[in-house]
Each structure stands twice: as C-alpha cells, then as structure tokens.
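Below: one structure, written as structure tokens.
Derivation of every value follows stated rules applied to the coordinates shown; laboratory data play no part. Only a predicted model underlies this, so the values are computations on that prediction, with no experimental measurement involved. Positions of Cβ are backbone-derived with ideal geometry, glycine not excepted, and every protein chain shown enters the neighbour counts.
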C-alpha cells in the first residue's frame, strides 16, 4: 500500500480545524452535539463526493458537470413526492427513479464528453450550467399534482424548496440511531453509506473497474491492450452521474427539502473541494480521500457557523466557506498544471 | 579564403550521456561542408549548438570554443544567431501555416512604406504588400519555382514547403553561414537537384554551408569536404575527390565485433503475415505502401533511419494510427486494425515508447504483467456466476507472476512494487512477460533495448530468441541497433521513406547496410 502523504491544503485545513475546535471549546459550545452533527454531515454530503471518483479514475477529470446527475436525482425525488410515497418505500423509489434518469442523462453526458476529450472539465462546467435554465423551464411547466410541491399562489410550477417532512425526511439519519449518553451514532446511515463505498470499491476491483483505472493512467497503453476507451469512459461517466443522483437523494432526505432551480449549482463546488482536500490530485482518487476530505470540509463548515455567530458578524460564515471552497479548487488546478509541465 | 567557422574541442553532454566528444571542425567561406553520420551520432546536437537552440543552454551548455569569423561565439538564443548572419533550414518545417508564402519568406524583414517609416518608425510602418510579393517571387524564381506567392503555406505540398523554407534563408542579404539539416529528405531527385544548384550558387557567392544529408550521392556531388560522425566523435574527413559513398557508409556504421547469438537456419515458406500496399499515418514515421511478407517462425528485423517508418508497422496493425492497405494474417485478411480483435487472433505489439505506451507506471509489477491477458483473454479471472464475473483470482495471478519474475530475473523488491521504480531493463522484461502471457503467434517488438544497460540487453535479446525457438512465435523486431538485429534475425528488411528498400541477410556487410539505409543502390 502507498504511504498516505499529507499535502499543503490538508495542513492548512487541519490547522484551521484545530483553531475552530479550540474556539468552540472556549466559547462553551456543545462539542458532543457538534460531533453528532458532523457524522451526519459527512454521510449527507459524502455520496456526492464519491460520485467524482469514477470519472477522475477514468482520466475524464473532475466532474464539473455534477449538476447533470443532481438533476436526474431531483427528477426522481419530485416524481416520488408527486405520488406521495412515504417512508422507506418512498425513499427507495426515489433512489430507483434517480438511477434510471441518471443512466439516461449520464449516457448523453458521456457521449458529449467523449467528443471533447481532454477538455472534459470546462465542457462539463458548461453542460451543467446550460442544464440549469433548461430545467428551470421544466420545473415551472411540469404538470405535477401534489399541492405541497406547487407554488401556493396560482397552483402552478414547482416551489424552489419542497419540504420532505411528510414523506421521508431524515429517514436515513434516524435509522437504527444508537445513543451512548449524549453521543448519537446513526448506525443505519453509516451502514448505507458504507454499502455505497463498498460497492464502489468492488467496482474498481472488477475487470471493467481495473480497465477504468488503467485508462485514466495511460490511455495509449490501454488502447494497445485492446481496451475500448470510449466505452470505458462512458461507463465511468454514467456511474459518476448515477452516484450524483443517489447523492442528492441522500442529501435531500437529510436536509429535509428538495431544492430546485439554481440550487444544483451550489452543490458541486463543495464536493470538488472535498475530494481535493482529501488529497486527490484530480488524476487518481481513492474512497478514503473522498471520505476524509468530506469530513474535514463539512466539519469546518459546521463549526464556523456558530463560532462566527458568536464572535463575528454572521455574514462572515458564508464568505469563509466560499473562500475555502474556491481557493482549494484553484490550488489543485495550479498544482496539477505544475505536474503536467514537469513531465 | 578565411574560416567562417572554427570549432575547437567541442564537447556536449545530455544528463551525463556524451553527445559530442572533442569535435574539431572548420568551415571556410564559400565552402560546402558535408556532415554525415547515423542517427544519434551528434549531428543534430552540433547544429543546435551552432544555431543557439535553447535546449543546449537548458541542458547545461557545452565545453570548447567556437569562433565565428574570428570572434568567440556565445549564443543565448536563435535570434542572436540570426543577427550574426547564421541561417538554418530545419528538417521539420519552421513555417507558419496560416501565413502566405510571401509573409513567411519576409517575416521580420518586410519591405515597408517609406512615408510611414518616417512617421511611425520601421516597426510600426505599413507593409508594402506588392513589393514584398515581388521580392519573394524573385527569390523563389531563383530556386526555379513559379508559384502564386499569395498562397497560404498550409495548403502547400511538402516539397514546396521545403523550397519556401530555403527561400527564407536565401533571401537574407546578411547571410554568411547556412546550416542545412537534411533539406532534401522530402524532395524527389529533380527537385533535390534544383536545390543543390542553388546551394552551389550560394557557395560561389561566398556563403559557408554546413550540409547534413543521408543521401551520400548528394554529399559526393556538391561538398568540398565531408566529415563523418560516429557516436559523437569525428571519425574521418575527406576532401573533394576522395569522397566515396562506400567509405562514408563504412565509417558511419563503424566496424563492430559481432557475436552470433542465433545460429542461421532455414525458415518455412509459410507466410505468417503479408502486407500489401500497407500505409500507416504515424506522424514523423509514416509507412507508405509497404509490401512485405513475414514468414512463420522467423525473426524478421526491420531497420531504417529515424523517420523512415520502422516503428510504425506494429502500431498500424493495432490501429493506433490510421492505416490503409491490405494485411493478410495466416489465410485471412484482417478487416479491422483493432487491438482487441488482433490480440485474440494472436498478434501482439511491444511498443518502442516504453514510458508512454508500454507500462502502467503507477501499477504494480504483477498488474502490469497480467493486465492484457486478463482484460482481453479473461485469464486469472475468478470463476463466479454472472453478474459477479470479472474479479481477479489473486492467488492464481500471484503464483504465475512470482514464477515469471523468477524465470526472467526481474529485479524488484516484491511483485507489488510499482513498475515506475524499476530500471528500464526490468521494465522491458515485464513488458515481454506481459506479451508472453497472451501467448502471441506473431509478436511485433520495437526498439526493445533502447535505453537499457548492456547486461540487461543481452538478457532481453536472449528472451526474444528463446520465445521464438521454444514457442514458435514469429517475431518482427524493429530496431536501429544494426548489431543486435544481425545477431538475432533471420532476415533484415531495410525501409527507406516508408517503403521496403531491400531485404538483407544478417551476414551482409556493414557497407551494404550503410548504403541501403541511405537509399543507395550497390555500386
């Protein structure tokens, strides 16, 4: 096994995290409560971060087109809510529908990305951006019947925020919740998240998975070894999109709302930051990196809110978040171009 | 006449590997000085030093002195060389495709409008298109070319481009020393003759010319003196009248003690693969309408100068570069140049570019050995019911790799070690192990010993011979190492400009090879 090397972004983040924990302790914030919540935050955002892994490993770069998969997931969620399915039945129906939609969207997205090989990241960004207005039209025009989803006035068009309270709000969060004193461990949620990690790990051990990693590492080698590059990339991109769809379902049940319209755009930068903080170079990514990065980033978000509220103006939180998110991505891009030249 | 150029004890290393060793050379005004040598003999390095190419400075400069018209030459970049009146015609065209012929020829030396010259200075003055076109046409006429100078260079054929490139240098008033790197390589005989005539005219006008060519006949025809390079050293020098192509060829290749490793034998007459008018569009290594038959069970060597197509054959069959023409394998025609189909049919290619195409650097030795066999032939797969197929049988793979690592003496700390940490020789052994895992009937190998130390070289050649003898694998080995080819091949095909020039027996003399490589018929 490779020795895990700590890189500058992780050092900065770790120092920042330590300072925040110290501040939280000094301000007498409830650290146990914060820890409980950090676990939830990890798994709530974790799947969206895992969604980046297949594409990075296939050499298709960081999936800046994550909104494509998110939109597929939102479609699944909306249809489930429209039919008022509740509980586990509702949640798993939404997962199933998301997977179906994401397969179709991912296939289209993959075909497009195969045409712009080498520029997937910028192309993905703009595919994601152009999907948003298209879907904005769709959300306002789609003839859903459930009154709780529609604008209260006029009764037409979906609301920007649809509450999941009556359906499957926090269904994973509260599944098999173990309480040890004040510490709450969501065993069910952990099991679900671990299952997805395990499946992804298993995928990478299959023949297709190994071909994916080889393609990402040395495309010409793979071609000479008889691998259909376009097909392998397509599989990785579809898998990435499907995971993004599942990711948004998991996120929404935890958050309690389905967020439509421009909201998918707010989702993918934190995910990308997370995997980069975890130590991925944007060429090869490991599940461990995704989990570590998500935990660090989300915990910082979590801690910075109450602390900023106590000692600073509240708006500073949002500023700090954006600053961290964007600068980490910038750092990774700088770092990578340096590597490319040194070859 | 005095010396335009005087080189004293020039040496140059690239990362500790000597490219030039104590070279002494003078070029007089009005002299055409020929420079010949095999690939990697140091000709290009010398040209790069004389033209101030950046790569020289970036790799640590050179030792020794160079005097240009009596002054010590210290070049930091090509612009300084140009300002001193040194010109260079490159082997690869240094033309701007989107500009017209006129613009390319006159670039940086445009004739400008006098009035605006006075108003804004020469740099920001209007360019007089008409005068420039006339002047460019005049220069091209001198080269015997009558062409619309308003055409974009992108649309020109290669030989016209060569003339444009020449015209740019000839058009310079201040030119006193011209470097030519294989200017006739892309030209046919008649066009080449035109160009040679221009060179002769220039030399009469007092320009000193350093002329690199692989066409020994040309060297003989126009050069006043010729210097032969081998392995970075000057091995011989002839004056006009003493020059003979046979001597040049012999000096280029050099006499080496060859130890026959593979005894000669008769091979079957059953063709294993027949190429008919086979072309491969590999940039810089094109094969053009090659006709070649590979016989079952033989080791066929393929050699050529670099850029003449020896490397492209295997890549063409695997579909890495667009290919045309017909390939008959066994009794069947290959319909698709596709690597998966062809590996299944028993064809495998070991690439020359080991780092780029031959290995998965971040993967382990074991992964590198079993990858192709596992992906294409499903070897080492766990036998599980669908849809759980595709997992690796770790134990089986482990046993197999351990055995191979032992047999081939691959030096690694463990079979899980990353291959990028291995030496070049051991990486190549891993590549051969991977090829043998898919058990090919026909194996293409390109430059198998490039960048490998001497002891590992012998081992790798031995591995190839054993594979051929014990498993009846037909091997097509492309290499620029003539000595190695002669030791292990049954026949050696020499390619010139992407076509089969001659098939020689491994016993043929170095002179014969030298002449064949240069595309000269026997005299």
Problem set entry | Longest to shortest principal axis, alpha-carbon extents of the stretch B:144-220, angstrom | 32, 29, 18
Problem set entry | In nm, spacing of pseudo-spin labels at residue B:382 and residue A:104 (7 Å Cα→C-beta vector) | 3.5 nm
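If I take every Cα pair under 8 Å that is 6 or more residues apart in chain A, average their sequence separation and divide by the length, what percent do I get for the relative contact order?
In percent, rounded to a whole number, it is 32.
If you rank B:69, B:225 by fewest surrounding Cβ atoms within 10 Å, what's the result?
Details: B:69 16, B:225 19.
Neighbour counts put them in this order, fewest first: B:69, B:225.
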Exercise. Taking square-rooted eigenvalues a ≥ b ≥ c of the alpha carbon gyration tensor, is the stretch B:345-445 rounded, prolate or oblate, where a/c under 1.5 means rounded and, failing that, a/b exceeding b/c means prolate?
Worked result: oblate
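Estimate the FRET efficiency between residue B:395 and residue A:318 by the formula 1/(1 + (r/R0)^6), using the beta-carbon distance for r and 45 Å for R0, to the nearest 0.05.
For R0 = 45 Å, the calculated efficiency reads 0.25.
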Exercise. How would you rank A:302, B:210, A:296, A:14, going from fewest to most other Cβ atoms within 10 Å of each one's own Cβ?
Worked result: A:14, A:302, A:296, B:210
Exercise. Sorted from fewest to most neighbouring beta carbons within 10 Å, what does the list A:328, B:503 look like?
Worked result: B:503, A:328
Exercise. Between the helical axis of B:365-377 and the dominant principal axis of chain B, each derived from Cα atoms, what acute angle in degrees is found, rounded to the nearest 10?
Worked result: 80 degrees
Problem set entry | Distribution of pairwise C-alpha distances over chain B, 10 Å bins, in % | 4, 16, 24, 23, 17, 11, 5, 1, 0
Exercise. How well do other chains shield peptide B:366-379, expressed as the mean number of their Cβ atoms within 10 Å of each residue Cβ?
Worked result: 3
For this session: List the residues of the stretch A:117-161 whose backbone N lies under 11 Å from a point placed 7 Å from the Cα of residue A:84 along the Cα-to-Cβ direction.
Result: A:146-148
Exercise. How long, wide and thick is the stretch A:8-332, going by the Cα atoms along their three principal axes, in whole angstroms, largest first?
Worked result: 61, 52, 36
For this session: Before rounding to the nearest 500, sum -39500 (n - 2.57) across all DSSP H runs of length at least 4 in the protein assembly as shown and divide by the residue total; then give [θ] at 222 nm in deg cm²/dmol.
Result: -15500 deg cm²/dmol
Exercise. Residue B:22 label point, 7 Å along Cα→Cβ, cut-off 17 Å on backbone N: hits in the stretch B:234-251?
Worked result: B:234-237
Exercise. Using a Gaussian network for chain A with springs between C-alpha atoms less than 10 Å apart, which of these wobbles most: A:325, A:140, A:215?
Worked result: A:140
Seminar exercise, completed: Kirkwood radius from Cα pairs of the stretch B:262-411 plugged into Stokes-Einstein at 25 °C, 0.890 mPa s, gives D in µm²/s equal to 138 µm²/s
Exercise. GNM on chain A, C-alpha springs below 10 Å: top fluctuator among A:196, A:311, A:127?
Worked result: A:311
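Do you know the relative contact order of the stretch A:210-343, to the nearest whole percent, from alpha carbon pairs under 8 angstrom that are 6+ apart? Write out the running numbers ahead of the final one.
Working: 77 pairs, mean separation 25.8, N = 134.
About 19 percent, as a whole number.
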For this session: For helix B:129-142, report the angle its Cα long axis makes with the longest principal axis of the Cα atoms of chain B; keep it between 0 and 90° and round to the nearest 10°.
Result: 70 degrees
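Of all the Cα-Cα pairs you can form in the stretch B:92-173, what percent are over 22 Å apart? Intermediate results must be reported in sequence, preceding the final value.
Details: 784 of 3321 pairs.
Of all Cα-Cα distances in the stretch B:92-173, 24 percent exceed 22 Å.
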For this session: Quote the Stokes-Einstein diffusion coefficient, in whole µm² s⁻¹, for the protein assembly as shown, based on the Kirkwood radius over alpha carbon pairs, a temperature of 4 °C and a viscosity of 1.567 mPa s.
Result: 40 µm²/s
For this session: Identify the residues of the stretch B:375-411 with backbone N under 20 Å of a label point that sits 7 angstrom from the Cα of residue A:208 along the Cα-to-Cβ direction, or state none.
Result: B:375-393
Problem set entry | Rounded tilt (10° steps) of B:158-170 against the dominant C-alpha axis of chain B | 40 degrees
Exercise. So for the pair residue B:281, residue B:268, with labels modelled 7 Å out along Cα→Cβ, what separation do we get in nm?
Worked result: 3.7 nm
Seminar exercise, completed: With label points set 7 Å from each Cα along the Cα-to-Cβ direction at residue A:255 and residue A:165, the distance between them in nm comes to 1.8 nm
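List the relative contact order of the stretch B:361-439 as a percent without decimals, with contacts defined as Cα pairs under 8 Å and 6+ residues apart. Walk me through the numbers before you get to the answer.
On the way: 80 pairs, mean separation 36.0, N = 79.
So the answer I get is 46 percent.
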Exercise. Stretched out fully, how many nm does the piece from residue B:332 to residue B:90 gain, at 0.36 nm a residue minus the Cα gap?
Worked result: 82.8 nm
